[in-house]
Each structure stands twice: as C-alpha cells, then as structure tokens.
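Undergrad: Let me begin by handing over the structure; questions about it come next.
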Amino acid sequence: MTGTARAVPRSILYTPALSLDRVVKAWSYDADVHLIDLEDAVPPGGKAAARLVCRAALEKAPRPADLAVRVNGLGTVEAVHDLVMLTASPVRPGFVVMTMVRSAVEVTLLRDTLASAGAHPEIYVTVETVEAVTGMDAIAAAADGLVLGSADLAATLGIEIGWAGLLAARQAMALAAARHGAGCIDTANFRLAEPQVLAEEIGRARELGFHGKATVHPAELGAINAALRPCPDDLRQARRVTEAVRAADGGVAVLDGSMVGPPFARLARDTVARGDAWAGRFGPERGQGGEVGRDDH
C-alpha cells in the first residue's frame, strides 16, 4: 500500500434501477455504499426508464457521496446515455462503477469525460474480462478500486462460479490493489440459499487481502460487515505492535510472547490508517474520528 490510506467501502449493496421506491428502500440497510445498477440488472428495454429512476434517486439521496452508479460498458450507446444523465444531473454519486473493461485507457477516458463536466467520482472497475485480468496492474493504477465480476468472467472461461477457478483473478486483483493503494472488493455471492458459501468466500477473500464484498441481498450485509469492517480489538492490537517496534528502535520486539519487527509494524500502521480512513467516511460517526467496530463487538 502506498501513500495516504484510501477510505474503501467494506460492503456494497447492488440495487437495480427498476423502481425509485426500491432504490430508496435499500438505503435503510446498513451498507457502506449503495449501488444503483444500470447494467445487467436492467433489461435492454428498460434502460431509459432506469436512468430516470437513477437521476431521481440521486436528487433524493441524503448522502450522494456514499452512492455508486454502475454504468453500461463503454463502447455502447447505453453507456453514452448513462454518462449524459450523470453529467446533467445536479447531484452526482461518489462512485461510478465501470463494466466490461479491457484496458486502463477506458478508465482514463471515463475519468476525463466526467471531469470535463465537473464530476470527480471515485472510479471502480468491475474485473470481468480476460483482458482486465491480464492487464490488472495498469487498470489498478488508473482506477480507485476493483470489484470482481465473477459471473461474466466465469462464463468467458467456461467454468462454474467457484473459488478455485477464479483464484488467479482474485490474487491478481489483491496484488495490484496493494501496489497502487486501490480498493479491492470481492464478488457478490450468487448462492443465496447457502449461507456457508458466503462465510467461506468472506474468509478466503479477507485472507487474500480483499477489503470488502459486494452483495445483491441485504440479508448478507450483517455477515459482511461483521467480518470486514474495522474491529476495535484489531485496531488496538495494531497500535500495540506499532508501539512495541518503536520502543525497540525499529527493530525486533517480543509482544505477548510473539516476535514482531518492522514488517509487522508496517502492516499494523496500514491497518490503523485504513481503519481510520473508513471510520472518517463510512463509520457511524462520520468525520468525528475514533474507532468504530463490527456488529459483533
């Protein structure tokens, strides 16, 4: 991780722009970011109506900075209409999520297009093409965050959506995100009737270095938030590690019977910085600092 820690959402709830009431109701659920979907969740004949729903929702939103809009893939007429709607809207979302990206050039093009209209959202890229996986480093450098798009990527590979088949893509995402300080968000779970699958995915993604997870169902938010939001106990322990290494003049120290040294201190500092950044933007006491924790603490 490089530079100042980015405030990365730990939970993103996707809601299709099919009904204004449905979009607004979703805001009552405890997600860091609420995403309004103009892409896959909207049938081709409903795209124009979805854009009207999206604009109306943006204008009603109490915190537009915590909203995301997923647009159609660049190179399509629908994407052109999506961008016209976003730039014409008096209220802009804090995030725009790209789809079917194949090159970092697309990210730069979208960023420049939005900036020309005075819009400067964070841009997250859905990683769902082979080209995005093979060009991951450049895309992570151009974007603010990455989101695994398991359904399209698995379909392209001709495999079922499973852990083993998508492990290489997840590892590439985690490495590139760590190098460039980008957010790294895991795919939504599609096996809604099997909560153990969600739990396994959350645990494994966290082990790889992912920061958050997307979901299409609000019932999953409790598990995602409990596992991935900053935990006060973890932050306190990270600060203890940092202090122990500092007291050892930057060398190796023993803390609670375990050896800790400079690499442990660097991880601890990054953990605290990410936790503080999350709390400042997404925590219950936004902008007031302090440690905020999981639902189970």
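Undergrad: Which of (1) open to solvent by 80 Å² or more (accessible area, probe 1.4 Å); (2) closer than 17 Å to Arg269 by Cβ; (3) of a type in the set (Gly, Ala, Ser) is the odd one out, the single condition Ala193 does not satisfy?
TA: (2)
Residues checked against (1) touching a helix residue (DSSP H, G or I) at 6+ places or on another chain (Cβ under 7 Å); (2) modelled with pLDDT of 95 or more; (3) hydroxyl-bearing (Ser, Thr, Tyr):
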residue: Ala193; (1), (2), (3): no, no, no
residue: Leu198; (1), (2), (3): yes, yes, no
residue: Arg204; (1), (2), (3): yes, yes, no
residue: Leu208; (1), (2), (3): yes, yes, no
residue: Ala219; (1), (2), (3): no, yes, no
residue: Cys231; (1), (2), (3): no, no, no
residue: Ala244; (1), (2), (3): no, no, no
residue: Gly251; (1), (2), (3): no, no, no
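Undergrad: If you don't mind, another one. Just checking, how many residues over the stretch 19-32 are over 12 Å from Asn225 (Cβ atoms) and in contact with a strand residue (DSSP E or B) (Cβ under 9 Å, 6 or more places away or on another chain)?
TA: The total comes to 5.
Undergrad: Restricting the search to the stretch 170-190, which residues are open to solvent by less than 10 Å² (accessible area, probe 1.4 Å), of a type outside the set (Lys, Arg) and not in a strand (DSSP E or B)?
TA: Across the stretch 170-190, the qualifying residues are Met173, Ala176, Ala177, Ala182, Thr187, Asn189.
Undergrad: Another question, then. Taking Leu153 as the residue in question, decide whether it is in contact with a helix residue (DSSP H, G or I) (Cβ under 8 Å, 6 or more places away or on another chain) and either without any contact (Cβ under 8 Å) to a residue 40 or more places away in the chain or outside any helix (DSSP H, G or I) (or both).
TA: Yes.
Undergrad: Answer yes or no: is there a residue in the stretch 106-125 that is within 26 Å of Ala199 (Cα to Cα), open to solvent by less than 10 Å² (accessible area, probe 1.4 Å) and outside any helix (DSSP H, G or I).
TA: yes
The values are calculated or read from the model by the stated rules, or taken from the named source; none is laboratory data. This is a predicted model, so every value here is computed, not measured. Ideal geometry is used to build each Cβ from the backbone, glycine not excepted, and the neighbour counts take in all protein chains shown. Side chains included, ligands, DNA and RNA excluded: accessible areas come from the protein's heavy atoms. Shrake-Rupley method; radii C 1.70, N 1.55, O 1.52, S 1.80 Å.
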